[in-house]
């Protein structure tokens, strides 16, 4: 879960959330009247990415705000190279 939160808090995670929200809104609007719940649901990931908030972080006892979250959990997801360099199995 830590790597997932690191990704969500990263700039790439923000872009992913904004893109997912925009896609949900577009799909909902394309369906007409019956798609409005999907369009409204798309506002959540769109706003979370746009305002740099992480809704899942408080569930893990971490800060809601993106910059504070990144300060607590550190940089983006660990890679195989960094795990090996730190003595991990890679």
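Summary of values
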read-out	value
Segment residue 65-residue 41, length gained on full extension (0.36 nm per residue, minus Cα span)	6.6 nm
Scaled radius of gyration (Cα, divided by 2.2 N^0.38 Å) that the range 2-73 gives	1.20
Order of 40, 8 - criterion: other Cβ atoms within 10 Å of each residue's Cβ, fewest first	40, 8
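We did not get these values from a lab; they are worked out from the coordinates using the rules stated. Owing to the predicted nature of the structure, the values given are computational and were not obtained by experimental measurement. When we count neighbours, we look across all protein chains shown, and the Cβ atoms used for this are built from the backbone with ideal geometry, even at glycine.
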